[in-house]
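The values are calculated or read from the model by the stated rules, or taken from the named source; none is laboratory data. What you are looking at is a predicted structure, and each value in this text was computed from that prediction instead of being measured. Positions of Cβ are generated from backbone atoms using ideal geometry, with glycine treated the same way; all protein chains shown enter the neighbour counts. Remember, those area values only see protein heavy atoms, side chains included, never the ligands or the DNA or RNA. Shrake-Rupley method; radii C 1.70, N 1.55, O 1.52, S 1.80 Å.
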Amino acid sequence: MSIVDSPLARRANRFRPDRLAEHDKILIIDFGSQVTQLIARRVREEKVYCEIVPFQKAEEALAVLHPKGVILSGGPASVLDANAPLAPAAVYEAGIPVLGICYGEQAMAKQLGGVVEGGHHREFGRAELLVTADSPLLEGTWRAGERYPVWMSHGDRVTRLPEGFRVIGTSANAPIAMIADEQRKFYATQFHLEVVHTPHGAALLRNFVRKIAGCSGDWSMRAFKQEAIERIRAQVGKGRVICGLSGGVDSAVTAVLIHEAVAEQLTCIFVDHGLLRLGEGEKVVSLFRNSYNIPLVHVEAERAFLDALSGVTDPEQKRKTIGKLFIDVFEEEARKLGGAEFLAQGTLYPDVIESVSFSGGPSVTIKSHHNVGGLPARMNMKLVEPLRELFKDEVRALGRELGLPEAFVGRHPFPGPGLAIRCPGEVTREKLDILRRADDIFIEEIRRAGLYDDIWQAFAALLPVRSVGVMGDYRTYDHVVALRAVSSTDGMTADFYPFDMKFIGHVASRIVNEVKGINRVVYDVTSKPPGTIEWE
């Protein structure tokens with residue numbers, strides 16, 4: 001009996017119908033790598049739908065999704081550990097292509113009869129790979145006898161091949177760095193294909209997904225839009241839906257998509273907590289009332305949020321305080337509307353991935369302000385989350401497909417807790433007003449220089465220090481603002497944007513001269529995830 005015809009498959013399909021049956025799919029089994037999401041991004045770039053599941057749920061996902069191929073991710077564990085995470089045997093028995101990456105290579109080798117050993121020289125960072133044989137995995141990219149740069153991150157290594165495999169690539173510290181079993185269409189690499197530090201790594205993934213697994217590449221935003229509308233209508237029926245607007249792209253796209261599906265059955269609630277950028281609230285209200293004529297309740301709740309945040313300095317406590325009060329205010333407004341059966345949220349796929357990551361891995365839940373785990377039971381509402389399958393850039397593409405203005409769709413990401421997490425220490429209206437004006441000047445100058453679309457994210461943050469300075473004939477003791485701008489291809493890692501120092505000087509001069517309460521400006525030149533604020 002095949003895995004797709006097994007009792008497990010039939011049980012799984014009863015609980016979760018396959019909503020994407022008509023699309024070719026790739027299943028990614030997550031062993032806890034920090035960059036597993038990048039594998040999914042590369043697959044989606046090939047217009048192929050994929051899902052990431054923790055290894056504990058891989059067998060059920062295999063039965064439900066009927067993928068045309070499986071990718072095993074990297075991870076921080078050692079396959080030599082007693083309870084090392086492994087892929088279910090069904091993966092290797094399903095008769096479909098399998099690709100192992102880093103830890104995924106070691107797991108594949110061990111499970112299929114090879115040998116993995118520790119205690120050898122570790123290999124982290126850039127390395128050189130010698131291709132020793134041609135293979136369908138390398139077609140049109142790398143050639144036998146040539147050397148290529150790759151990105152390694154491992155301590156253990158494969159020292160004996162499983163039966164049926166051959167070595168097709170080697171490195172100084174990983175003699176078995178790339179392997180292939182052409183008959184079963186099993187492939188594995190010790191290096192990370194998915195990161196930009198492995199040139200042509202995306203091309204190797206393309207070969208696996210499109211040529212070896214045979215996926216057609218039929219995943220498009222136009223198709224997704226129509227399918228999502230049909231799913232929303234089937235889920236909601238004649239019921240009422242309320243959607244919480246945050247001022248960001250995700251909730252806006254969610255609202256417009258649901259409005260296209262069920263029209264007047266939707267009402268949006270915009271809780272203006274006073275932690276938004278300059279003029280943000282007015283833009284949201286104008287867009288939904290004037291451009292889309294979507295019923296909108298605008299709740300001005302700045303005072304309530306500032307009171308709740310009074311004296312709170314811990315950043316995690318800020319997030320929890322904001323999240324709890326947001327739900328309380330939202331629930332009260334929903335009650336005034338006479339209630340609704342459904343609540344719409346702009347949950348994205350990275351949020352879902354983080355919420356289901358296996359315990360102990362680096363990709364454990366980090367977004368405490370997101371409600372991906374469900375709603376308080378007292379709300380008695382069902383969630384509608386039409387963007388759960390999308391990454392941020394796919395949400396932007398969907399927004400364009402729905403006709404949202406480019407100025408809105410292309411905006412830089414903005415965190416749920418808003419300016420509260422860019423204002424270390426206690427949050428006050430005075431500090432927020434100072435920060436808002438500085439941030440607005442920074443963004444205005446970036447737009448004026450034509451750099452906005454080249455930057456993944458840019459913002460100002462108020463530092464928890466004050467600086468003594470001299471302005472004219474007066475000594476000042478005022479705030480210091482930090483400016484941050486990063487470039488990124490995926491939002492997982494980021495590098496500071498290399499502004500010309502004349503530009504930074506001009507922005508700093510404007511901020512100091514125009515924003516009372518600031519006498520010093522610094523530019524953050526660290527490389528780290530886009531939204532990270534280390535000093536918080």
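Residue check, Met152 against (1) open to solvent by less than 10 Å² (accessible area, probe 1.4 Å); (2) within 14 Å of Phe165 (Cα to Cα); (3) of a type outside the set (Val, Ile, Thr); (4) not in a helix (DSSP H, G or I), all met but one. Which one?
Of everything listed in (1) open to solvent by less than 10 Å² (accessible area, probe 1.4 Å); (2) within 14 Å of Phe165 (Cα to Cα); (3) of a type outside the set (Val, Ile, Thr); (4) not in a helix (DSSP H, G or I), Met152 misses just condition (2).
Do we have any residue at all in segment 238-248 that's at negative phi, of a type in the set (A, V, I, L, M, F, W, C), in contact with a Phe, Trp or Tyr (Cβ under 6 Å, 6 or more places away or on another chain) and at pLDDT 90 or above? Please lay out each step first, then the result.
First, the residues of segment 238-248 that are at negative phi: 238-246, 248.
Still in the list and also of a type in the set (A, V, I, L, M, F, W, C): 241-243, 245.
From what is left, the residues that are in contact with a Phe, Trp or Tyr (Cβ under 6 Å, 6 or more places away or on another chain) are 241, 245.
Within this subset, residues satisfying the condition of being at pLDDT 90 or above are 241.
Taking every residue of segment 238-248 in turn, at least one turns out to be at negative phi, of a type in the set (A, V, I, L, M, F, W, C), in contact with a Phe, Trp or Tyr (Cβ under 6 Å, 6 or more places away or on another chain) and at pLDDT 90 or above.
Check off (1) touching a residue at least 60 places away in the same chain (Cβ under 8 Å); (2) over 21 Å from Cys50 (Cβ atoms); (3) surrounded by fewer than 21 Cβ atoms within 10 Å (Cβ to Cβ); (4) not aliphatic (A, V, I, L, M) for Trp142 and give me the number that stays unchecked.
Tallying (1) touching a residue at least 60 places away in the same chain (Cβ under 8 Å); (2) over 21 Å from Cys50 (Cβ atoms); (3) surrounded by fewer than 21 Cβ atoms within 10 Å (Cβ to Cβ); (4) not aliphatic (A, V, I, L, M), Trp142 fails exactly one: (3).
Anything in segment 75-104 that is at pLDDT below 95 and acidic (Asp, Glu)? List them, or say none.
Within segment 75-104, Asp81 is the sole residue that qualifies.
Could you go through segment 335-343 and let me know if any residue there is modelled with pLDDT of 90 or more and within 28 Å of the chain's Cα centre (by Cα).
yes
Could you tell me which numbered condition Ile421 fails, if it satisfies all but one of (1) over 29 Å from Ala308 (Cα atoms); (2) assigned to a helix (DSSP H, G or I); (3) hydrophobic (A, V, I, L, M, F, W, C); (4) modelled with pLDDT under 90?
(1)
Which of the residues spanning segment 63-99 are within 21 Å of Gln183 (Cβ to Cβ) and not small (Gly, Ala, Ser)? Explain how you work it out, then say what you get.
Taking segment 63-99 and keeping what is within 21 Å of Gln183 (Cβ to Cβ), we get 67-72, 87, 89-99.
Pro67, Lys68, Val70, Ile71, Leu72, Val91, Tyr92, Glu93, Ile96, Pro97, Val98, Leu99, listed by residue number.
What about Val297, is it open to solvent by 10 Å² or more (accessible area, probe 1.4 Å), at pLDDT 90 or above and either touching a helix residue (DSSP H, G or I) at 6+ places or on another chain (Cβ under 7 Å) or over 30 Å from Arg147 (Cβ atoms) (or both)? Walk me through how you get there before you give the answer.
On the way: open to solvent by 10 Å² or more (accessible area, probe 1.4 Å): yes; at pLDDT 90 or above: yes; either touching a helix residue (DSSP H, G or I) at 6+ places or on another chain (Cβ under 7 Å) or over 30 Å from Arg147 (Cβ atoms) (or both): yes.
For Val297, the condition - open to solvent by 10 Å² or more (accessible area, probe 1.4 Å), at pLDDT 90 or above and either touching a helix residue (DSSP H, G or I) at 6+ places or on another chain (Cβ under 7 Å) or over 30 Å from Arg147 (Cβ atoms) (or both) - is met.
Table: residues versus (1) in contact (Cβ under 8 Å) with a residue 40 or more places away in the chain; (2) surrounded by 18 or more Cβ atoms within 10 Å (Cβ to Cβ); (3) touching a Lys or Arg at 6+ places or on another chain (Cβ under 9 Å); (4) of a type in the set (A, V, I, L, M).
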position: Ala234; (1), (2), (3), (4): no, no, no, yes
position: Lys238; (1), (2), (3), (4): no, no, no, no
position: Gly247; (1), (2), (3), (4): yes, yes, yes, no
position: Leu257; (1), (2), (3), (4): yes, yes, yes, yes
position: Arg289; (1), (2), (3), (4): no, no, no, no
position: Glu316; (1), (2), (3), (4): yes, no, no, no
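Counting just the residues of segment 183-194 that are of a type outside the set (Ser, Thr, Tyr) and under 19 Å from Gln111 (Cβ atoms), which one comes out surrounded by the fewest Cβ atoms within 10 Å (Cβ to Cβ)?
Applying the first criterion (of a type outside the set (Ser, Thr, Tyr)) to segment 183-194 yields 183-186, 188, 190-194.
From what's left, under 19 Å from Gln111 (Cβ atoms): 183-186, 188, 190.
On the way: Gln183: 8, Arg184: 15, Lys185: 19, Phe186: 23, Ala188: 29, Gln190: 33.
So, considering only residues that are of a type outside the set (Ser, Thr, Tyr) and under 19 Å from Gln111 (Cβ atoms), the one surrounded by the fewest Cβ atoms within 10 Å (Cβ to Cβ) is Gln183.
Considering (1) in contact with a Ser or Thr (Cβ under 8 Å, 6 or more places away or on another chain); (2) open to solvent by 10 Å² or more (accessible area, probe 1.4 Å), say which one Leu161 fails and leave the rest.
In the conditions (1) in contact with a Ser or Thr (Cβ under 8 Å, 6 or more places away or on another chain); (2) open to solvent by 10 Å² or more (accessible area, probe 1.4 Å), Leu161 misses (1) alone.
Residue by residue through segment 401-418, note down the ones that are in a helix (DSSP H, G or I) and in contact (Cβ under 8 Å) with a residue 40 or more places away in the chain.
At the first step, the residues of segment 401-418 found to be in a helix (DSSP H, G or I) are 401, 406-409, 418.
Across segment 401-418, the qualifying residues are Glu401, Phe408, Val409, Gly418.
I'd like to verify a number: residues in segment 487-523 that are modelled with pLDDT of 90 or more, part of a loop (DSSP other than H, G, I, E, B) and surrounded by fewer than 17 Cβ atoms within 10 Å (Cβ to Cβ), how many?
Within segment 487-523, residues that are modelled with pLDDT of 90 or more, part of a loop (DSSP other than H, G, I, E, B) and surrounded by fewer than 17 Cβ atoms within 10 Å (Cβ to Cβ) number 3.
Which residue, of Ala180, Ala172, is modelled with pLDDT of 95 or more and either crowded, with 22+ Cβ neighbours inside 10 Å or farther than 16 Å from Gln106 by Cβ (or both)? Lay out the reasoning, then the answer.
Details: Ala172 fails: modelled with pLDDT of 95 or more.
Only one candidate passes the filter, namely Ala180.
Against the condition among the charged types (D, E, K, R), modelled with pLDDT under 90 and loosely packed, with under 14 Cβ neighbours inside 10 Å, how does Glu406 come out, does it pass?
Criteria met by Glu406.
Taking the condition of being crowded, with 20+ Cβ neighbours inside 10 Å and modelled with pLDDT under 95, how many residues in segment 124-134 meet it? Let's see the steps before the verdict.
At the first step, the residues of segment 124-134 found to be crowded, with 20+ Cβ neighbours inside 10 Å are 127, 129, 131.
Pick out the ones that are also modelled with pLDDT under 95 and you get 127, 129.
Residues in segment 124-134 being crowded, with 20+ Cβ neighbours inside 10 Å and modelled with pLDDT under 95: 2 in total.
Filter segment 66-82 for residues that are more than 23 Å from the chain's Cα centre (by Cα) and open to solvent by 20 Å² or more (accessible area, probe 1.4 Å); which is nearest to Gln111 (Cα to Cα)?
Here is the first cut: in segment 66-82, the ones more than 23 Å from the chain's Cα centre (by Cα) are 66, 68, 78-82.
Remaining after also requiring open to solvent by 20 Å² or more (accessible area, probe 1.4 Å): 66, 68, 78, 80-82.
On the way: His66: 22, Lys68: 21, Ser78: 13, Leu80: 12, Asp81: 13, Ala82: 14 Å.
For segment 66-82, the residue satisfying everything is Leu80.
Being touching a Leu at 6+ places or on another chain (Cβ under 9 Å), within 20 Å of Val249 (Cβ to Cβ) and assigned to a helix (DSSP H, G or I): is that true of Arg447 here?
Numbers: touching a Leu at 6+ places or on another chain (Cβ under 9 Å): no; within 20 Å of Val249 (Cβ to Cβ): yes; assigned to a helix (DSSP H, G or I): yes.
No; evaluated as a whole, the condition is false for this residue.
Considering only segment 30-43, state which residues are modelled with pLDDT of 90 or more and open to solvent by 10 Å² or more (accessible area, probe 1.4 Å).
Residue satisfying the conditions is Arg42 alone.
Got at least one residue in segment 196-219 being part of a strand (DSSP E or B), over 30 Å from Ala344 (Cα atoms) and under 25 Å from the mean Cα position of the chain (by Cα)?
In the first step, residues of segment 196-219 are kept if they are part of a strand (DSSP E or B); the result is none.
No, segment 196-219 contains no residue that is part of a strand (DSSP E or B), over 30 Å from Ala344 (Cα atoms) and under 25 Å from the mean Cα position of the chain (by Cα).
If you take the residues of segment 107-123 that are open to solvent by 10 Å² or more (accessible area, probe 1.4 Å) and within 30 Å of the chain's Cα centre (by Cα), which of them is modelled with the highest pLDDT?
Going through segment 107-123, the residues open to solvent by 10 Å² or more (accessible area, probe 1.4 Å) turn out to be 110-123.
Among the residues that remain, those that are also within 30 Å of the chain's Cα centre (by Cα) are: 122-123.
On the way: Arg122: 69, Glu123: 66.
Checked segment 107-123; the qualifying residue modelled with the highest pLDDT is Arg122.
Based on this model, can you work out whether Ile229 counts as part of a helix (DSSP H, G or I), open to solvent by less than 40 Å² (accessible area, probe 1.4 Å) and farther than 18 Å from Pro405 by Cβ?
On the way: part of a helix (DSSP H, G or I): yes; open to solvent by less than 40 Å² (accessible area, probe 1.4 Å): yes; farther than 18 Å from Pro405 by Cβ: yes.
Here the answer is yes, as Ile229 does meet what is asked.
For segment 434-471, give me each residue that is among the acidic types (Asp, Glu), at pLDDT 95 or above and open to solvent by 40 Å² or more (accessible area, probe 1.4 Å).
Asp440, Glu444
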